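Visitor: Okay, handing you the structure first.
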Amino acid sequence: MPLVGLGTWKSASDEAGEAVAHALSECGYRHIDCAPIYGNEKEIGRSLRSVFGGNVVNREEVFITSKLWDTEHARDDVRQACEATLEDLQIEYLDLYLIHWGIAEPKGGHTYDANGNLIVERVPIRETWEAMEELMDAGLVKAIGVANFTAPLLLDLFSYAEIKPAVNQIEVHPYLQQQRLIDFCQRLGMVVTAYSPLARPGYEEMSERLVDEKLIRHVADAHAKTPAQVLLRWGIQRNTAVIPKSTHPERMKENIDIFDFALSESEMHEIGGLERGLRLVDPFQWGKIPYFD
């Protein structure tokens, strides 16, 4: 799995496909991160067909990830959901398929009780995982993993998994570094992919953007790089993959151009001092579930 991928979360459906095509054909990306809940896999699929069909890039050169959404956790739904994603993306297999959250929801998406609590389904993760393993046996996916899994969820999963999860995709940036969880995942032999590695610049609830931190700008100036490049370099030097989202050609090119410099140990340590425990993605915000508590 390439260390830098193009994230597609929050990419508008009318922009996502064009962004993927440009990333693959013009910027050298070979890792695309998708999910059906993002609402843009059909548009991305049209671009993938065009890129692969035009012999610009071969399918085998590109690492494509997608995810199983919360409403599809039941054993009989997993394969159907995967096949729907393959049809939308217009590809024959996924390189990586992840359980998006350790939460099962009823069909139809977020449903709430009278008190605003998210209603969940009684589907064990074991049932879902065994169905994920069957996808590998069927050749629909090359590898399987999880996203947003905490250490207790991983301990449970590893107690019965016949095929161990290859990846845990979690929120990681200098404001939320999750070092203990990263160390634990790597000890289990898992790769960690960091989503929101720039702490989502412009996020409405942030009083300050991570890319505007004086320290980050100082380090960027010292290396003649941009703040975003420094943040992404920080991520890969912690042995995590990073999947910054962008639909702007110049930003996409910038985000992958991070392999010609390195941060010093002191710079890594100083950036580590920005830890705030600031989590931007939390099920408590939309369902009153203390998932990370």
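Visitor: Would the stretch 28-39 turn up any residue that is more than 19 Å from the chain's Cα centre (by Cα) and either among the charged types (D, E, K, R) or surrounded by 21 or more Cβ atoms within 10 Å (Cβ to Cβ) (or both)?
Guide: For the stretch 28-39, residues more than 19 Å from the chain's Cα centre (by Cα) and either among the charged types (D, E, K, R) or surrounded by 21 or more Cβ atoms within 10 Å (Cβ to Cβ) (or both): absent.
Visitor: Right, next: Among what's in the stretch 103-126 and is more than 15 Å from Lys288 (Cα to Cα) and small (Gly, Ala, Ser), pick the residue that is surrounded by the fewest Cβ atoms within 10 Å (Cβ to Cβ).
Guide: Gly108
Visitor: Next up: Would you mind finding the one in Glu60, Glu105 that is part of a helix (DSSP H, G or I) and either at pLDDT below 95 or charged (D, E, K, R) (or both)? Talk me through it step by step, then tell me what you get.
Guide: Working: Glu105 fails: part of a helix (DSSP H, G or I).
One residue alone meets the criteria, Glu60.
The values are calculated or read from the model by the stated rules, or taken from the named source; none is laboratory data. This is a predicted model, so every value here is computed, not measured. Quick reminder, even Gly has a Cβ in these numbers, built from the backbone with ideal geometry, and neighbours come from all protein chains shown.
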